[in-house]
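Colleague: Structure in structure tokens, see below.
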Amino acid sequence: MFRKADFRLVAGLLLLAVVALALGQRLIAEPPINLSDDISPLNPRLFPSLVLVGIVVVAGFFIANRIRGVEDFEGELEPALAGDDSGGTKRLLGFLVLVVLCALVINMLGFLTTMFVLMLGTSLLVGNDSIAQIVAFSAGLPFVIYVLVTHVLRTSLPELDAIEAVLVPLLGMLPSF
Amino acid sequence: MANVSTFLLRVTRAVTTSGVLVMMLVGGPALAQYPERPITLITPYAAGGSHDLNARVFTTYIQRYLDQPVVIKLVPGQAGQKGTLEAVQAPPDGYTLIFTDNYRDQLYQHTFRNRHYDTTADLISVARVNYGQVGLIVRGDSPYQTWQDFEADARARPGELKMSHSGLWAAFFVTAGQVMKDRGIRLRLVPYRGGGPAKAALLGGDVDISAGFPSSLVADVEAGVIRILATAGSERTIEDVPSFAELGISASAGFMHRAVMAPRATPADRIARLRAAFAELQDDPDYKAAMAQMGENTEYLDGEAYEDERRALGNEYAELAAAIAAL
Amino acid sequence: MLEALLAGFEAALRVDTFIWVSAGLLLGMLMGAMPGFTTTMGMSVLMPVAFLVGDPLIGIPFLIGVYKGGIYGGSVPAILISMPGTAASVVTVMDGHELSKKGQPRKALDMALAASVISDFISDFLTLILIIPVAAIVLGFGPPEIAAIMFMSLVIVSVTATGPVLKGLLMLGFGFWLSFVGADPFSAMERYTFGTTELYDGFHLIPMLIGLFALPEIFNAVRAGDRKRGRVASLVGDRLSWKELKASMRTILRSTGIGTAVGLVPGLGQTVAAMMGYIAAKNASKHPETFGKGEIDGVAAAEAANNAVNGPTMVPLLTLGIPGDNVTALLLGAFMMQGLRPGPTLFETSGAIVFAILIVMLFANVIFWFIGYYSIPMFSRVVTIKKSLLIPITIMLAFTGTYLARSNPFDLVTLVGFGIIGLALRKAAFDVMPMVMGFILGRELEYSFGQTVSLAGDSLLQFALTERLGMTAIVVATPIFGTLIGLRMSRLRKQELIRGG
């Protein structure tokens, strides 16, 4: 029972709720000016505390039910995920590391470089054999998206100053509205 | 022999080309004039609100005086703190400005605990574009024909009459607080997400009185849907409607100054350029016509003059916040 | 009024108006299909175009076209790569993507289009003829009613979630709590932000949705590896047949009704409508267990509901000049820039133009059918791209979309974080929908509740019983209603278990 995934999740949630309740005072700021009742709104602590208490109660029920052996629907939604293969898990972990790294460096290295690395890494992890294809797409597609987003959609993407300095005048020559 | 000279030729060409490129990249910015790319105007207000609409008008016309577009970036949220934070953290190169108002600028330091910025220290005024004057409004079919009617009822039933406003410590709330303080009445203030919902609440009958900017209520007044009981200031802006001063309410209450500001560290010459552009804008007949069509005034104050105004307001607001809290 | 309507008809029948509307629809669809690029952003970007054109009969229908196209556009990536293009298509992801996996992406896209167009048409038509009574109804919804309706929606969503009710409630609570992270809606006080500026505005919805729905699929694909050069599906499948469309007609009509009703209540929005439509369809279906596993009726229900919300949301804008959400607020700006003043006198001064705009909106749906019909074959080919290529593209789009939403690098952390959470939840058989709904409605419910308390004054109970009977009725009925539905769901689930084995 303690090994089942949903039990562990619920226990984790319960723990989180209890901690959040206990530390509530420090985690939620109080307004610096206290207004009289007619004009002051809800206290910022009220709803979170209510919800956390609710979570504790429901989690408690769930755990109590499990202990009594009631209602076991685990695995119903995703039967395909049962069973483990170590190769897959290693790939997944590697992917997670890649993704987290890319999320952290995107501001430093810029969009085009980071996306190149991300796509390259993912392609290899997912089993693409053709290096030419990988490189072509990993370099080309982010570039297309970059032009689309910054020029057509007029939204900014993080990019190195050097690259931007080269691209901006070039893109300025494209027709726009 | 031929190989060496061809080789040398190629090398020289390569070096020269790259040298030119490098110079273009490096020397480029220094040679160009400010502004050489679009300027972002952060507007920390809800879409469609009076700030948004005013901004759309003046950004359209100020292009003529800056030779670059000024692009509005709406960043609503947290009573404007999100947008203000973004503006304060932006590089102070003159390409990021913020469109704000006096309450956010000078009052919020007393009412919202904010460790991330200090508007007085971090922002400098470029121009006060115009101001909005708050008016107190009731439904067209309400029993209150004049402000005196309303006040009498409010005195008779303290804490029972309800007023909708656009958010804690925003223009309508502060005006309400000042009215309550100056006239000694107690109303129940109900928050809404902005002027639009506050007006809807009044029209739907959930509250008895609200506030609004008369310029945006012309159609409603004409149709008899809304009645204005009083307007801010010392003089009347509408014929039969008394001004605050006449009714014994502070004459400086209910003014929302809409001002464009820049991070304080922005180079002085760029600030000067911006200020000059705004000054020129005031003589533009199309701009004035567009503002008039929207029902807004163009009471401009240049950056320096508004800096003085800010200081004066800042001093007032500490007391005001305390007074409203004590109500 | 009637002359204005007829004059509007005349004014609307112009070729250039329809060309511009078509352009708007197409652009909107493409923008909606780009994850992370919300319809509001698209409209903001195109607003200058509308302004420059100068003619309200071109500029405003153009923007409205962008809006409508965007709502449908969001369902394209939702169905093809399990990534909701806009928040409104979250509900379409579940059945839509499962259908893609089964080799029927074209059918799913066709149904989404058909459902969207039909419901939008009906909803616009109703708005057109009932604009005055609708205005009165909308004003009747104050914070107490809104809070009660939100409460009811949340209970219904948790009770009808896949799996035991307790799990649904837990997800609801978690989503709720997540919505409180950030500044509180009244006094802007920091909650659970640990003093950081990144969390000051709370978690953003788009990265959370992309993380919860798209990333687990990507994770699974990576885990499985792909030595066999597999694809999501090897065929694009058949088109939707008339028979299938007719079979879902009842669902579409029901969802249209639900969506229109949701559109009347300020503050609920398209995602709530989609969710409610889906749940109603599931509840009314003879085989609710197929929902979530590739049930075409589910796609129809969700897409019909989220499009039907458009019509009524325009009403307070036009009749009172009060925008109900971001989109209508932008439209208000567009109207004012064209010299039109939405409000009580709008119909008197420019009635013909307003009716013309509404009529163009109505017919835009028909045009959209054609645009969609011919672009779907192209879109549906996406699933035939081999996975080893599609997955890297998907993760890149996930990153881009996340960044587009707010240009905030922290959102990428949200993306990955919720991707991991989504994976864990799937493994533990938790339904994510109550969490999403709790997150979307959490702060709104708190705000409406706070407003209600403020309106009530001294005695909330007295207020509830004397002045706001509607609210009281809903609040009392909800637990009863919820229990009944919950029991039915639980009974059906047990039956299915016995049958399926």
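The values are calculated or read from the model by the stated rules, or taken from the named source; none is laboratory data. Just so you know, these numbers come straight off a predicted model, no measurement behind them. Cβ: placed from backbone, ideal geometry, glycine included. Neighbour counts: every protein chain shown.
Colleague: Tell me the residue from B:Thr60, B:Thr84 that is β-branched (Val, Ile, Thr) and either outside the structural domain of B:Glu296 (by TED's automatic domain parsing) or in contact (Cβ under 8 Å) with a residue 60 or more places away in the chain (or both), please.
Modeller: On the way: B:Thr84 fails: either outside the structural domain of B:Glu296 (by TED's automatic domain parsing) or in contact (Cβ under 8 Å) with a residue 60 or more places away in the chain (or both).
It is B:Thr60.
Colleague: For region B:41-76, enumerate the residues that are buried (at least 21 other Cβ atoms within 10 Å of the Cβ) and on the phi > 0 side of the Ramachandran plot.
Modeller: Across region B:41-76, the qualifying residue is only B:Gly48.
Colleague: Could you tell me whether region C:132-144 includes any residue that is on the phi > 0 side of the Ramachandran plot and away from chain B (no Cβ under 14 Å)?
Modeller: Scanning region C:132-144, I find no residue that is on the phi > 0 side of the Ramachandran plot and away from chain B (no Cβ under 14 Å), so the answer is no.
Colleague: Just to be sure, is C:Phe291 in contact with a Pro (Cβ under 7 Å, 6 or more places away or on another chain) and of a type outside the set (Gly, Ala, Ser)?
Modeller: No.
Colleague: Considering only residues that are touching a Gly at 6+ places or on another chain (Cβ under 6 Å) and in contact (Cβ under 8 Å) with a residue 60 or more places away in the chain, look in region C:211-227 and name the one that is nearest to C:Val416 (Cα to Cα). Please lay out each step first, then the result.
Modeller: Here is the first cut: in region C:211-227, the ones touching a Gly at 6+ places or on another chain (Cβ under 6 Å) are C:211-212, C:215-216, C:223, C:225-227.
With the extra rule that they be in contact (Cβ under 8 Å) with a residue 60 or more places away in the chain, the set shrinks to C:211-212, C:215-216, C:226.
Working: C:Gly211: 6, C:Leu212: 9, C:Leu215: 8, C:Pro216: 10, C:Asp226: 22 Å.
Step by step, filter region C:211-227, then rank; the result is C:Gly211.
Colleague: With region B:141-212 as the region, which strands (runs of 3 or more DSSP E) entirely inside it contain at least 2 residues that are crowded, with 21+ Cβ neighbours inside 10 Å and within 11 Å of chain C (Cβ to nearest Cβ)?
Modeller: B:162-165, B:188-191
Colleague: Another question, if that's okay. Please work out which residue is farthest from the other protein chains (Cβ to nearest Cβ), limiting yourself to region C:156-185 and to residues that are assigned to a loop (DSSP other than H, G, I, E, B) and more than 22 Å from B:Glu86 (Cβ to Cβ).
Modeller: C:Thr160
Colleague: Hey, another quick one. Residues of region C:460-470 being within 12 Å of chain B (Cβ to nearest Cβ) and either part of a helix (DSSP H, G or I) or surrounded by fewer than 18 Cβ atoms within 10 Å (Cβ to Cβ) (or both), which ones?
Modeller: Within region C:460-470, C:Phe463, C:Glu467 meet the criteria.
Colleague: Pick from B:Arg270, B:Arg227, B:Arg264, B:Arg275: which is within 14 Å of chain C (Cβ to nearest Cβ) and modelled with pLDDT of 90 or more? Outline the logic, then answer.
Modeller: Values: B:Arg270 fails: within 14 Å of chain C (Cβ to nearest Cβ); B:Arg264 fails: within 14 Å of chain C (Cβ to nearest Cβ); B:Arg275 fails: within 14 Å of chain C (Cβ to nearest Cβ).
Answer to the check: B:Arg227.
Colleague: Looking at C:Asp110, C:Asp120, which is the one that is crowded, with 24+ Cβ neighbours inside 10 Å, in contact with a Lys or Arg (Cβ under 6 Å, 6 or more places away or on another chain) and among the charged types (D, E, K, R)?
Modeller: That would be C:Asp110, the only listed residue that is crowded, with 24+ Cβ neighbours inside 10 Å, in contact with a Lys or Arg (Cβ under 6 Å, 6 or more places away or on another chain) and among the charged types (D, E, K, R).
For every residue, the table says whether it meets (1) farther than 19 Å from C:Ala161 by Cα; (2) over 25 Å from the mean Cα position of the chain (by Cα); (3) modelled with pLDDT of 75 or more; (4) within 7 Å of another protein chain (Cβ to nearest Cβ).
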position	(1), (2), (3), (4)
A:Lys4	yes, no, no, no
A:Ala17	yes, no, yes, no
A:Pro32	yes, yes, no, yes
A:Asp38	yes, yes, no, yes
A:Pro44	yes, yes, yes, yes
A:Ile55	no, no, yes, yes
A:Ala59	no, no, yes, yes
A:Asp72	no, yes, no, no
A:Ser86	yes, no, no, no
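Colleague: Also: Against the conditions (1) within 24 Å of the chain's Cα centre (by Cα); (2) under 27 Å from B:Ala326 (Cα atoms), where does B:Arg236 fall short? Just the number, please.
Modeller: Tallying (1) within 24 Å of the chain's Cα centre (by Cα); (2) under 27 Å from B:Ala326 (Cα atoms), B:Arg236 fails exactly one: (2).
Colleague: Within region C:194-211, take every residue that is at pLDDT 85 or above and in a loop (DSSP other than H, G, I, E, B) and give me the one that is farthest from A:Asn34 (Cα to Cα).
Modeller: In this case the residue turns out to be C:His204.
Colleague: Please indicate, with yes or no, whether at least one residue in region B:86-100 is aromatic (Phe, Trp, Tyr), within 14 Å of chain A (Cβ to nearest Cβ), closer than 22 Å to A:Leu42 by Cβ and within 23 Å of the chain's Cα centre (by Cα). Don't jump to the end; show me each part of the working.
Modeller: Here is the first cut: in region B:86-100, the ones aromatic (Phe, Trp, Tyr) are B:95, B:99.
This time we only want the ones that are within 14 Å of chain A (Cβ to nearest Cβ), so: B:95.
Now narrow it down to the ones that are closer than 22 Å to A:Leu42 by Cβ: none.
No, because not a single residue in region B:86-100 is aromatic (Phe, Trp, Tyr), within 14 Å of chain A (Cβ to nearest Cβ), closer than 22 Å to A:Leu42 by Cβ and within 23 Å of the chain's Cα centre (by Cα).
Colleague: On to the next question. When B:Asn114 is evaluated against the numbered criteria (1) at pLDDT below 90; (2) touching a strand residue (DSSP E or B) at 6+ places or on another chain (Cβ under 9 Å), which criterion, by number, is the only one it fails?
Modeller: (2)
Colleague: Scanning for something among the basic types (Lys, Arg) and either within 30 Å of C:Leu340 (Cβ to Cβ) or surrounded by fewer than 17 Cβ atoms within 10 Å (Cβ to Cβ) (or both), does region B:293-313 turn up at least one residue?
Modeller: Yes, region B:293-313 contains a residue that is among the basic types (Lys, Arg) and either within 30 Å of C:Leu340 (Cβ to Cβ) or surrounded by fewer than 17 Cβ atoms within 10 Å (Cβ to Cβ) (or both).
Colleague: Can you tell me which of C:Asp226, C:Asp238 is within 25 Å of C:Lys282 (Cβ to Cβ), at pLDDT below 85 and surrounded by fewer than 23 Cβ atoms within 10 Å (Cβ to Cβ)?
Modeller: Of C:Asp226, C:Asp238, the one residue that is within 25 Å of C:Lys282 (Cβ to Cβ), at pLDDT below 85 and surrounded by fewer than 23 Cβ atoms within 10 Å (Cβ to Cβ) is C:Asp238.
Colleague: Now for a separate question. Based on what the data block shows, is A:Met119 more than 15 Å from A:Leu167 (Cβ to Cβ) and within 7 Å of chain C (Cβ to nearest Cβ)?
Modeller: Judged against the criteria, A:Met119 is a match.
Colleague: Would you please list the contacts, defined by Cβ atoms under 6 Å and residues six or more apart or on different chains, that run from a residue in region C:37-52 that is under 18 Å from C:Trp20 (Cβ atoms) to a residue that is of a type in the set (Ser, Thr, Tyr)?
Modeller: Sorted first by the residue in region C:37-52, then by its partner, the pairs are C:Thr39/C:Tyr67.
Colleague: Here is a further query. Considering only residues of region C:445-459 that are surrounded by fewer than 21 Cβ atoms within 10 Å (Cβ to Cβ) and among the aliphatic types (A, V, I, L, M), which is farthest from the other protein chains (Cβ to nearest Cβ)?
Modeller: C:Ala456
Colleague: For region C:329-354, which residues satisfy the criterion of being more than 7 Å from chain B (Cβ to nearest Cβ) and either buried (at least 24 other Cβ atoms within 10 Å of the Cβ) or of a type in the set (A, V, I, L, M) (or both)?
Modeller: Those that are more than 7 Å from chain B (Cβ to nearest Cβ) and either buried (at least 24 other Cβ atoms within 10 Å of the Cβ) or of a type in the set (A, V, I, L, M) (or both): C:Leu331, C:Ala334, C:Phe335, C:Leu340, C:Pro342, C:Leu346, C:Ala352, C:Ile353, C:Val354.
Colleague: Of everything in region C:15-54, what is at pLDDT 80 or above and not in a helix (DSSP H, G or I)? Give them in sequence order.
Modeller: Across region C:15-54, the qualifying residues are C:Met34, C:Pro35, C:Gly36, C:Phe37, C:Thr38.
Colleague: Would you check which residues across region C:397-423 are small (Gly, Ala, Ser) and either touching a strand residue (DSSP E or B) at 6+ places or on another chain (Cβ under 7 Å) or at pLDDT below 90 (or both) and list them? Before you say what the answer is, go through the steps one by one.
Modeller: To start, the set of residues in region C:397-423 that are small (Gly, Ala, Ser) comprises C:398, C:401, C:405, C:407, C:417, C:419, C:422.
Selection gives C:Gly401, C:Ala405, C:Ser407.
Colleague: Name the residue that is nearest to the other protein chains (Cβ to nearest Cβ), counting only residues in region C:411-427 that are hydrophobic (A, V, I, L, M, F, W, C) and crowded, with 20+ Cβ neighbours inside 10 Å.
Modeller: So the first thing to find is which residues in region C:411-427 are hydrophobic (A, V, I, L, M, F, W, C), and the list is C:412-413, C:415-416, C:418, C:420-421, C:423-425.
Subsequent filtering for residues that are crowded, with 20+ Cβ neighbours inside 10 Å retains C:412, C:415-416, C:418, C:421, C:423, C:425.
Values: C:Leu412: 4, C:Leu415: 7, C:Val416: 5, C:Phe418: 12, C:Ile421: 10, C:Leu423: 9, C:Leu425: 7 Å.
The selected residue is C:Leu412.
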